[in-house]
Amino acid sequence: MASSIPTTREAVIIGGNRIPFSRAGKKYVRTSNQDMFTAALEGLVARFGLQNELLGEVVGGAVLKNSRDFNLIRESVLGSSLAPATPAYDLQQACGTGLEAAIAVTNKIKLGQIESAVAGGTDTISDAPIAVGDKLRRALLQASHARGTGDRVKALLPVLGHPKWLAPETPDTGEPRTGLSMGEHQAITTAKWGITREAQDEIALKSHQNLYRAWEEGFFDDLVTPFRGLSRDDNLRGDTSAEKLATLKPVFGRGLTGEDGSPLPATMTAGNSTPLTDGASTVLFGSRDWAEERDLPVLAKFVDAETAGVDFVHGHEGLLMAPVAAVPRLLTRNGLTLEDIDFFEIHEAFAATVLTTLAAWEDEDYCRDELGLAGAFGKVDRDKLNVNGSSLAAGHPFAATGGRILATAAKLVHAKAAETGTPARALISVCAAGGLGVTALVESA
Amino acid sequence: MIAVTGAGGVGSVAGAGAPPSYAVTELAELPALGGLYARGAVGSVAKRPRADVALPPAAYRVTDVDTTGTGPRLAAYQRVVGEPASDVLSAGFLHVLAFPLATAVMVRPDFPLGLLGMVHLRNAVRVLRPVRLGDDGVEVTAWAENARAHRRGVQVDLVAEILAAGELAYRGVSTYLAKGFTLPGVGAAEPGRPGGSADDGARPRTSGAGRDSWVPPLPTARWRLGKDIGPAYGAVSGDRNPIHLSSLGAKAFGFPRAIAHGMYTAARALAEVGPARRGDAYEWTAEFFKPVLLPGSVDLAIRYASDAGADVLPGSAGGFVYDGWRTGRAVRHLAGAVAPL
């Protein structure tokens, strides 16, 4: 099938580097987003000999940012061994941040605007911003705009009368428009699709087993730089079992009612939902010429990408279902079907997110009515799904997940192509808050 | 289990004004609610349940309402109920704009039902054209009509109409229950029984069994309402009924804690549908069940009528239905619809 994509030059993936992901409140307490991103970036610089290198651009971001982090990525570049003249900017698209950063820089490479780039992301729950309430904030702003001490005191006086205004507001994973947490949203989608607890626990178990195996095999040896005494993702439980996962109590979806009035089972636990995590990741891209001039490895091509949004606010669609719509558009545009994909990297926000995604693609009516396809989109071969683990085992520092997946996918297709002598492809799918989805296609180079 | 609002929920939308037999009294400006409450409280004491409930054939009217001056209050109202910042007066704001005039009717000595303790059962509104901040020639008229039996007393409609440049822009019907009162010659009756008063069509009908077997749909939103929401909506609406302001005030009227204004919850549902989806002209209905105790958590299903299998307004393109209930319990707080006309 002919591709409908205009011809540009290739953007290739040279390699990636991240720091181990750590559960919130553990190893990376008192470590800032800038600390973590700089560490991941410095590891990348060291790995590929980029000291004093002037890169075309470094792009990344964080979902939870302190206001002082307005130029987070540029500040990280200035604190790194890259040439200080390397430009940088911040970007944020919730959990799609890291992958969207990759789309941004690879498009510039493809267009010939830049020769090289780093994309990535970082997030911390342990060092998350604490905001003051709106009433205190308004009083403080009014005081800062006041002319003279008298007005300033007058602006601040109401605060004395309302000590409750001083209570801090911590960020949560609630959707601003609905007030439901991401887990509650997914629980509703899970219930609509009738995804079982057992199927979710099986995904979680596979994630841990696969990530553990990959670590043991040394897959991450050239993808991760130890940080703060941590050399492996500390959420990983190589010894977990279906029995252990089955003992966990449901945390989302309690109190939902079926149409007949009977309670719907709550199936989502801490075991089959991603934990809150700290971490940072980076991926190095270049034009093929740039990589070859420096004798750098070329793992894969960043072929194409597609984003989508869904109408979730009034319950027409599930919050995390946007990648379901994006992937058929991405593959069709590239003349591909699910059969042509060797590795499926579907971000495990929740095990149920992966399962509803797969179920939707297999559903004749859904694909026709909601996606506008002729019939069911197809079936994903489970043996090709998240073969080296995903977010349930590794953890999910929001903006850092895209970079983690991209580096893994690039290495996987590279190894597979070397082994078989034929091109290998990986499909990446990341769901995000706000009903967003970011997907990408990577092919061995 | 779907709340459906039938057409004609606001009765005649022709904007006929008050019934022809009513005497219209023109007031110079919209009255202040504070004074009305004081009169209402005092008057309520005298208004004991009696055998003959007859409504005063009287309407109040204010011509040339100053809409420009309501700017700061409109902005505050929009913040509280979640309407996007706009110079268009939403249906909820038009309701609170007309509310003092309706209250003035209810505190008349010849209005037979006591203001205090009246329960807001339901509300049906049609906005026929947008009213904007700064519009001249805005005229508000309010009256009471259609006293009829309810199984727990007497229900009555407070009607408010707002004209802009001589054209009907808004018509709202607020149905209140006065407990314990009875109508002459009518026994206690269930609400919404066949018989066809104007607002019967406005009641969300539950398909199948009665209200006891109501099953909550899957939620689309959750509201965590703090104690401050009663005073906050009280400030922007002017409705400072003590049951909304403090536990103490609520206890005096038999509630365990302060309760949220029903119109706050309905206005927030209206805001969540939003101006882009309801259009310039729309219908907005609400029925109130168990009050929302503050603080409290309310689960909502604010759904496309098509997704809910509901037919909101025959011939209307789209439309939304909403249900609200106590988080984790099948205790229903409110239901209604928002549909473009």
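What follows draws every value from the coordinates through simple rules; no lab data is involved. Worth saying up front: this structure is predicted, and the values here are computed from it rather than measured. Positions of Cβ are backbone-derived with ideal geometry, glycine not excepted, and every protein chain shown enters the neighbour counts.
If only the Cβ of Lys and Arg carry +1 and only the Cβ of Asp and Glu carry -1, the dipole of chain A around its Cα centre is close to 1620 debye. To the nearest 0.05, what FRET efficiency results for B:D228 and A:Y89 with a Förster distance of 51 Å applied to their C-beta separation? FRET efficiency, B:D228 to A:Y89: 0.80. Relative contact order of chain A: 26 percent, from C-alpha pairs under 8 Å at least 6 residues apart in sequence. Here B:S174, A:S22, A:S144 are placed in order of increasing Cβ neighbour count within 10 Å, fewest first, which gives A:S144, B:S174, A:S22. In plain terms, the chain from A:R329 to A:I130 could stretch by 67.7 nm, reckoned as 0.36 nm per residue minus the Cα-Cα distance. Each of A:R177, B:R122 was scored by other Cβ atoms within 10 Å of its Cβ. Arranged with the fewest first, they read A:R177, B:R122.
Here the spin labels are modelled as points 7 Å beyond Cα on the Cα-Cβ line, and at A:A46 and B:S247 they lie 5.8 nm apart. Taking 24 Å as the straight-line reach from the Cα of A:K108, the lysines in range (excluding those fewer than 8 positions away in the same chain) are A:K301, A:K411.
Along its three principal directions, the equivalent ellipsoid of the protein assembly as shown from the Cα gyration tensor extends over semi-axes of 58, 29, 24 Å, largest first. Per-residue ellipticity at 222 nm from helix content only, as computed over chain A with -39500 (n - 2.57) for each DSSP H run of at least four residues, stands at -11000 deg cm²/dmol. When only the Cβ of Lys, Arg, Asp and Glu is charged (+1, +1, -1, -1), the dipole of the range A:102-158 relative to its Cα centre reaches about 380 debye. Applying both filters, DSSP loop and at most 10 other Cβ atoms within 10 Å, to the GluC sites (Glu not before Pro) of the range A:206-248 gives A:E217.
Look at the Cα gyration tensor of the range B:230-279: its axes a ≥ b ≥ c give a/c of at least 1.5 with a/b over b/c, and that counts as prolate. For the protein assembly as shown, the dipole from Cβ point charges (+1 on Lys and Arg, -1 on Asp and Glu) about the Cα centre works out to 3140 debye, to the nearest 20. Note on B:V42 and B:S213: with the Förster distance fixed at 35 Å, the Cβ-Cβ geometry gives a FRET efficiency of about 0.25. Which residues in the range A:163-205 have a backbone N closer than 14 Å to a point placed 7 Å from the Cα of A:R137 along the Cα-to-Cβ line? Backbone N within reach: A:166-172, A:176. Which links in A:K164/B:K251; A:K249/A:K379; A:K135/B:K227; A:K244/A:K384 stretch past 19 Å when you go from one Cα to the other? Those over the limit are A:K164/B:K251; A:K249/A:K379; A:K244/A:K384.
With each label modelled as a point 7 angstrom along the Cα→C-beta vector, the B:L133-B:T63 pair spans 2.7 nm.
If R0 is taken as 35 Å, the Cβ-Cβ distance between B:A330 and B:R240 corresponds to a FRET efficiency of 0.65.
Counting neighbouring Cβ atoms within 10 Å and putting the fewest first, the residues B:Y37, A:Y28, B:Y282, A:Y89 line up as A:Y89, B:Y37, B:Y282, A:Y28. Comparing A:D90, A:D311, A:D127 in a Gaussian network model of chain A (Cα springs below 10 Å), the most mobile by mean-square fluctuation is A:D311. Placing pseudo-labels 7 Å out from each Cα toward the beta carbon at A:A376 and B:K290 gives an inter-label distance of 4.3 nm. Averaging the Cα positions of each part gives two centres, and for the range B:152-174 and the range A:188-220 these lie 58 Å apart.
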